[in-house]
Amino acid sequence: MARRTITIGGEVWEVYPSGRVTVYGRDEFGLLFQQGTGPERRRRFTRYAPVGSRSPDASLAELSDRQLRELFGQSQPAWTAPESAYGAG
């Protein structure tokens, strides 16, 4: 699984494909932004539609840091996201 890191507001976040499959198939992918580990970790989720028909790993690798910051700005906390079962676990 591809992984990227990005610094936002002085904090380092790891970015992964979320693995969530949507009804849009390869047209739309989920991203997980994660900071920290264990019970203190913070997670946010968003979806995006890459140009062309690429795998989630390839499309994540092609995103610029500016695009990742924009997607982070559109993301939602784990407790509000179906990708994390609304923060369960």
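The values are calculated or read from the model by the stated rules, or taken from the named source; none is laboratory data. Note that the coordinates shown come from a computational prediction; the quantities given were computed from them, not determined experimentally. Ideal geometry is used to build each Cβ from the backbone, glycine not excepted, and the neighbour counts take in all protein chains shown.
Odds and ends about this structure:
- Enumerated strands (runs of 3 or more DSSP E) restricted to the stretch 1-71, each holding at least 1 residues that are in contact with a Pro (Cβ under 8 Å, 6 or more places away or on another chain), at pLDDT below 90 and among the hydrophobic types (A, V, I, L, M, F, W, C): 29-35
- Scanning the stretch 28-75 for residues that are more than 16 Å from Ile8 (Cα to Cα), of a type in the set (S, T, N, Q) and surrounded by fewer than 17 Cβ atoms within 10 Å (Cβ to Cβ) turns up Thr37, Ser53, Ser55.
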